[in-house]
Amino acid sequence: MPTGTESSNPQSYELEILTIVNNEGEGFDVRDLMIECSIFESINRNFLLGELIIGDAIALMENAKLFGQESLRIRFKQSAGVNDETDEEDLIDQIFRIYKIVSIKRVSETTQAYKLLFCSPEHLQSKRTRISQAFRGSMTDIAAQIAEDHLGIANEVKDKKL
């Protein structure tokens, strides 16, 4: 993926923030360590998922005490056209939760590469919440009720009717 804000390239972006915050509250800027970052959205999944591949020559995993329960903040923007400024509403600024570190490979004597798997915080919360309750109505109504009552996700359709 090209970086920078070259307006003529639709794959161009400007990565402003790529920070890992460990469980001790320490933040680490990993923009220079990033090899690849992918964020996935699917009609079959309710939450965002992603992968971040890190090329680590500074022993980040050991120094930052990474083990798969950290936060990841990503903020980037894309140009809207030639010499256009990106509107604040068009910025992507999202906090994710790292849930697993996989594919740790030694690249050289001083460098290793690994993949951080991350997801939106609501995904982890939904996996940890067990609901034992009888419901009535359509599946859509039941899902909306669970999202509102147990996950803190507002029901936009219900809010629009009010």
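General remarks:
- Members of segment 15-29 found to be outside any strand (DSSP E or B) and either over 12 Å from S71 (Cβ atoms) or open to solvent by 50 Å² or more (accessible area, probe 1.4 Å) (or both), listed by number: N23, E24, G25, E26
- Whichever residue in segment 87-101 is charged (D, E, K, R) and either surrounded by 16 or more Cβ atoms within 10 Å (Cβ to Cβ) or touching an Asp or Glu at 6+ places or on another chain (Cβ under 9 Å) (or both) and, among such residues, is modelled with the lowest pLDDT: D93
- Restricting attention to segment 30-57, the residues that are part of a loop (DSSP other than H, G, I, E, B) and under 24 Å from E14 (Cβ atoms) add up to 6.
- Residue check, A113 farther than 25 Å from R45 by Cα and modelled with pLDDT of 90 or more: yes
- Picking from residues in segment 31-86 that are touching an Asp or Glu at 6+ places or on another chain (Cβ under 8 Å), of a type in the set (D, E, K, R) and closer than 14 Å to F118 by Cα, the one that is modelled with the lowest pLDDT is E36.
The values are calculated or read from the model by the stated rules, or taken from the named source; none is laboratory data. Quick caveat, the model's predicted, so the values are computed rather than measured. No Cβ is skipped: glycine too gets one built from the backbone with ideal geometry, and neighbour counts run over all protein chains shown. Keep in mind that these areas ignore ligands, DNA and RNA; they rest on the heavy atoms of the full protein, side chains included. Shrake-Rupley method; radii C 1.70, N 1.55, O 1.52, S 1.80 Å.
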